[in-house]
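Participant: Here you go, one structure.
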Amino acid sequence: EGYGPVLHDLDKLRHRYGNFVRPDFRHPASEVLNAVTIGEDGGMPKELRARFSKSGVAHVLSISGLHVAAVAVVFYFPFKWLLKRSEYMMLRWSVSRIAAALTILPLFFYIALAGFSTPTVRAFIMISIFLIAIIAGKNENKINTLGVAAFVILLMRPEALFELSFQFSFLAVLGILLVNRFYPLKLETTRDFVLTTVKTTCAATFATLPLVLDSFGVLPIISIPANLVFVPLVELLIVPLGLVSFALFLFSPYAASLFIWLNMLLTEMMIFGIGILLKIPYSSVSVQPLGAVQLVLYAALGASLLLAAGRTWARYAA
């Protein structure tokens, strides 16, 4: 109770929601929903957590950069679309800047809902700096913006440099930004959305793979197809529906039950799908961490793949 009555009341609401979901809906899908909605993952069965890890999608179980970024996307583009419906707004102001400013509010609500855990606060700072860059009209060089975000976070918490969640988040974002520079990401059409999903998943997986091998000693062969299917499912459906169900729970648990039930269905589909993928022979294998020479060759491969977008010699090098 030492951190103020407002946050204390919000924390009580989080626990009430978790206790409502846990006994009244099917296990273990209810625990997955609590983990991705309010950040309570203590009731997650170890066997289920191990299955998510072996398939390379364990990151969807904890509220961190991926979830906060998804919430930003879910709010930013609808805000921008709504503002563009007004000719008055379009002629007088930059709707992108206004949408970015409005997006910070639901982001703050989400990290409050997650209990202000360290990874979510760090992700909030990082994504807010990207949004502030849009507001200031300085978002052309996104890698510089990522550097500013890293500087601010390390200024507040220097030991974060040695934390896995910090390293994973920034390597994944750096990989995506590098791919965007050489293979621009677009979202205008359904085809663009599918290609962007493939590119970002491959980029984040490639950038973080050495860290995965060094930290866990497991190479999840099915990681890319699993992420292509389950990350959009979680980020675009399960997390937003979880936020809607929590908002409705504040007024009526019965109204929230419909969205929770729908989320249970989607979550059970995900658990079932991961079980199917893990039955594939050699879906994950144990490997040694990369040595110095292997890391240099791996980095050279990554650079060649990026430069191959415009240089023939880089394709041969790759």
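Participant: For the stretch 1-90, with every protein chain kept in place, what is the accessible area per residue (1.4 Å probe, Å²)? Walk me through the numbers before you get to the answer.
Facilitator: Details: 4680 Å² over 90 residues.
I get 52 Å² per residue for this part.
Participant: Report the label-to-label distance for residue 118 and residue 318 in nanometres (one decimal), using points 7 Å from each Cα along the Cα→Cβ vector.
Facilitator: Reported label-point gap for residue 118 and residue 318 is 3.7 nm.
Participant: Next up: What percentage of the solvent-accessible surface of the chain, computed with a 1.4 Å probe over protein heavy atoms, is contributed by carbon and sulfur atoms? Don't skip to the end; give the middle numbers.
Facilitator: Values: 11790 of 17000 Å².
Here carbon and sulfur together make up 69 percent of the probe-accessible area.
Participant: Highest mean first, how do 303-316, 208-221, 139-152 rank when packing is the count of other Cβ atoms within 10 Å averaged over residues? Write down the numbers at each step before the final one.
Facilitator: Values: 303-316: 13.6, 208-221: 17.3, 139-152: 15.5.
Result, highest mean first: 208-221, 139-152, 303-316.
Participant: On to the next question. Leaving out ligands and nucleic acids, and using a 1.4 Å probe, what accessible area per residue does the stretch 206-318 come to in Å²? If you can, show how the numbers build up before the last one.
Facilitator: Details: 6170 Å² over 113 residues.
I get 55 Å² per residue for the stretch 206-318.
Participant: Something else now. Between rounded, prolate and oblate, where does the chain land on the alpha carbon gyration tensor, with a ≥ b ≥ c its root eigenvalues, rounded for a/c under 1.5, else prolate if a/b exceeds b/c? All intermediate terms of the calculation are to be shown ahead of the outcome.
Facilitator: Numbers: a/c = 1.60, a/b = 1.15, b/c = 1.39.
Oblate, because a/c is 1.5 or more while a/b does not exceed b/c.
Participant: Across the stretch 53-70, in residue order, what do the Karplus-derived ³J(HN,Hα) couplings come to in whole Hz, using 6.51 cos²θ - 1.76 cosθ + 1.60 with θ = phi - 60° and x for Gly and Pro?
Facilitator: Whole-Hz 3J(HN,Hα) from phi for the stretch 53-70: 5, 5, 8, x, 10, 4, 5, 6, 7, 10, 6, 8, x, 4, 5, 5, 4, 5.
Participant: Going down the list 54/80; 84/138; 186/279, which pairs span over 30 Å between their C-alpha atoms?
Facilitator: Numbers: 54/80 38 Å; 84/138 21 Å; 186/279 35 Å.
Pairs exceeding 30 Å: 54/80; 186/279.
Participant: Report the accessible area of residue 280, computed with a 1.4 Å probe over the heavy atoms of all protein chains in place, in Å² rounded to the nearest 10.
Facilitator: Accessible area of residue 280: about 80 Å².
The values are calculated or read from the model by the stated rules, or taken from the named source; none is laboratory data. Since we're looking at a predicted model, the values are computed, not measured. Backbone-built Cβ (ideal geometry, glycine too); neighbour counts: all protein chains shown. The protein model used for the area step is the full one, side chains on, heavy atoms only, and it has no ligands, DNA or RNA in it. Shrake-Rupley method; radii C 1.70, N 1.55, O 1.52, S 1.80 Å.
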